[in-house]
Amino acid sequence: MEQPLKTEYRGPVEYSVEIALEKIGNLLTQSYGLSKRTIGLLLLQDDREIAELVGKKELDHLAQIEEIIRDAKIHYSYPVEYEIAMERQEEVRRIASRVVRKKRGKEPFAETLSRLTMNPVTGIPILFLVLYVGLYKFVGAFGAGTVVNFLEGTVFEGHINPYVIKIVSLIIPWNAIRELIAGQYGLVTLGVRYAVALILPIVTLFFIVFAVIEDSGYLPRLAMLIDRSFKKIGLSGRAVIPMVLGLGCATMATMVTRTLPTKRERLISTMLLSLAVPCSAQLGVILALLEGRPHAVLLWGGVIGLVFLFIGYLTAKILPGERPSFYMEVPPLRMPQLYNIIVKTYGRVKWYFKEIMPLFLLASVIIWIGQITRTFDLVIALLRAPVSWIGLPDEAAPIFLFGFFRRDYGAAGLFDLNKAGALSGVQLVVASIALTLFLPCIAQFLMNIKERGLKTALGITFFVLFFSFTVAFAVNFVLGNLGVTL
């Protein structure tokens with residue numbers, strides 16, 4: 001009979017873990033449905049849910065358990081969870097080396113591609129290729145261009161809106177109610193049109209791209225690739241998950257920042273998501289507006305990228321805290337499964353209709369109330385000054401008000417304004433920059449309050465408000481003085 005493998009002593013790291021686990025196990029008196037060793041390991045790795053559960057059940061021993069965890073962490077140069085993961089990985093390698101024999105041969109293509117995606121020399125061009133094909137061409141050109149033009153122009157403006165306006169005019173005698181349903185900012189003519197014809201196709205195609213990236217295993221490799229760069233702005237590669245999710249919906253991404261290990265990282269991520277990460281619909285509309293103007297796209301992307309890095313770097317310098325650490329298990333690359341892509345996309349589109357569609361309709365109602373009470377006109381009048389300050393016509397003021405209701409709502413307003421021929425190439429770029437950096441939408445603002453607190457959320461909001469117009473003013477000033485035309 002084969003003797004069980006003996007685990008030899010491998011230094012103070014293992015020793016401190018085992019002693020800590022034994023001490024914690026002796027203090028755990030309640031039932032958790034898991035072994036005491038598992039509970040101890042989760043406590044050492046700062047698992048929030050388990051920590052809260054133990055805090056409720058072990059009131060008499062909580063102080064002793066916390067002291068044991070603090071003492072154990074003194075033995076580590078890196079975070080405890082990293083050291084434990086490395087020990088586990090080493091043990092797996094040791095076991096595998098005794099039972100697995102590898103044949104020498106050519107490295108599989110998937111392994112080669114995996115290494116290329118994480119090497120900065122080859123990984124950055126691959127990332128730009130993914131962004132170009134996935135976001136610019138598929139979401140921007142095809143989604144926000146071809147699909148939106150058909151739905152918004154042919155279906156809604158050609159058939160649905162005229163029909164609704166005609167029916168409403170015939171059966172509803174009150175002008176205020178007609179305006180609510182089929183007016184300039186009506187529930188159907190604006191709210192449903194924006195949600196279904198402009199935003200839905202863009203977010204659907206983005207969700208498809210995200211599902212492909214997620215299911216292929218590329219996302220963890222992207223995290224490894226940008227980890228070193230993110231360290232400069234106070235984040236680790238782990239933050240790539242909320243940042244990429246922010247390209248879908250910044251509200252959902254803000255909620256996901258709670259998975260980041262430190263308060264400092266969570267705050268920096270929330271700031272960047274509120275300022276310089278456009279949601280999928282906003283991104284798609286802006287890419288569609290700038291299509292055919294490659295220099296405009298590069299200028300817009302360059303300014304937003306520089307703002308992202310500069311504010312992140314500045315925030316990391318101002319906020320106290322240690323440099324973040326990062327490790328992640330990298331799964332094998334694989335061909336995305338069609339079933340998985342369909343299921344994930346369906347779930348997210350369903351979430352869109354459930355969570356976002358009512359907000360578009362609510363925005364139309366709020367605008368309608370604002371028109372009746374003249375509040376809407378007052379706010380627009382206040383916005384005309386900063387809008388004029390950055391070189392935009394007065395007609396651009398409502399799109400920033402729309403942007404506060406929903407970022408994509410504002411982008412859709414910019415789409416209509418550009419279609420009317422009200423903006424030059426430079427004005428289009430300036431408006432795109434200002435709108436991208438503008439206030440987080442109401443839903444994201446409420447999520448900021450929930451996750452970071454009212455004081456922090458208000459601080460972020462006021463900073464973003466003034467900073468967005470300052471950057472737009474600087475861009476307009478420079479382009480105007482250089483005589484640039486786009």
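The values are calculated or read from the model by the stated rules, or taken from the named source; none is laboratory data. On a predicted model such as this, the values are computed, not experimentally measured, just so you know. FYI the Cβ positions are ideal-geometry reconstructions off the backbone, even for glycines, and counts take in every protein chain you see.
Key figures
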read-out: Residue ID - surrounded by the most Cβ atoms within 10 Å (Cβ to Cβ), chosen from residues in the stretch 382-412 that are closer than 20 Å to residue 152 by Cα and either touching a Pro at 6+ places or on another chain (Cβ under 6 Å) or among the small types (Gly, Ala, Ser) (or both); value: 411
read-out: Among (1) farther than 21 Å from residue 205 by Cβ; (2) among the hydroxyl-bearing types (Ser, Thr, Tyr); (3) at pLDDT 85 or above, the one test that residue 97 misses; value: (3)
read-out: Within the stretch 453-469, considering residues that are closer than 12 Å to residue 438 by Cβ and among the β-branched types (Val, Ile, Thr), the one surrounded by the most Cβ atoms within 10 Å (Cβ to Cβ); value: 464
read-out: Residue within the stretch 442-452 that is buried (at least 20 other Cβ atoms within 10 Å of the Cβ), among the charged types (D, E, K, R) and over 25 Å from residue 189 (Cα atoms) present; value: yes
read-out: Any hit, the stretch 232-250, residues being crowded, with 24+ Cβ neighbours inside 10 Å, among the β-branched types (Val, Ile, Thr) and assigned by TED's automatic domain parsing to the domain that holds residue 413; value: no
read-out: Failed item in (1) under 23 Å from residue 456 (Cβ atoms); (2) in contact (Cβ under 8 Å) with a residue 12 or more places away in the chain, with residue 224 passing the rest; value: (1)
read-out: Hits in the stretch 259-272 - residues which are of a type outside the set (Ser, Thr, Tyr) and farther than 13 Å from residue 456 by Cβ; value: 260, 261, 265, 272
read-out: Yes/no for residue 259 being in the same structural domain as residue 157 (by TED's automatic domain parsing), among the hydroxyl-bearing types (Ser, Thr, Tyr) and without any contact (Cβ under 8 Å) to a residue 24 or more places away in the chain; value: yes
read-out: Test result for residue 455, modelled with pLDDT of 90 or more and over 20 Å from residue 306 (Cα atoms); value: yes
read-out: Subset tally (residues that are modelled with pLDDT under 90 and part of a helix (DSSP H, G or I)) for the stretch 387-425; value: 26
